[in-house]
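Any read-out appearing in this document is the output of simple, stated calculations on the displayed coordinates, not a laboratory observation. Because the structure is predicted, anything quoted here is derived from the model rather than measured. All Cβ positions, even for glycine, are placed from backbone atoms using ideal geometry, and neighbour counts span all protein chains on display.
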């Protein structure tokens, strides 16, 4: 299994441009998450999804949109990039609530570093 | 709103000693708490989960305690090694959402 993959690894955007951050998982997890991490800070939840067709806002959703058409993919859309969106973005999927040592574990992708100038 | 605090100052310890990291939270009653390790330029990696009805959980050299009265979790690494140097994050759940602390950087010196 590749786990959680994210593309691109790094991107520079101009103010006002738009882009989509891609996230794919091959573990058949229903739950998926998008976080942003600013330097020296913890992760802030942007959006999450509990299954295909179902998404909900996290702590910091403004300026972002998501969709979940399949179990595997959970893209994050930035419509009008702003310098405040300069950050590292992590996608994660969550192990289902079953018995065993890894229940409810979140698996993270390698991250996308975004710079908005 | 939920507030999660971890010591923002780096913890520097000598190899072989026990490292103890703290996670405090307010305005919140999570069903469980998780600890993650994050290396520079990488995504967090899950280490341990402890539920509200558990006082202590162990995994190899790792030990986590959870005091719901104090609203505090302690994370211990015994017989620490330089390879344990990383940033450690605690995370609390609220139904389907997760809230992370800012992390504590651990430096283990040989």
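If you take the Cα centroid of region B:55-72 and the Cα centroid of region B:77-105, the two points sit 13 Å apart.
Secondary structure note: in chain B, about 90% of the DSSP beta bridges are antiparallel. Residue by residue along B:93-106, Cβ atoms of other protein chains within 10 Å of the local Cβ number 4 on average. Divide the volume of the convex hull around the Cα atoms of region A:4-116 by the residue count and you get 95 Å³ per residue.
Ranked by the mean number of other Cβ atoms within 10 Å of their residues, highest first, the peptides B:96-104, A:57-65 come out as B:96-104, A:57-65.
The share of C-alpha pairs in the protein assembly as shown whose separation exceeds 21 Å stands at 56 percent. Taking one quarter of the surface of the convex hull spanned by the alpha-carbon atoms of region B:16-86 gives a direction-averaged projected area of 5.2 nm². Shielding of peptide A:54-63 by partners, expressed as the average count of other chain Cβ atoms within 10 Å per residue Cβ, is 1.
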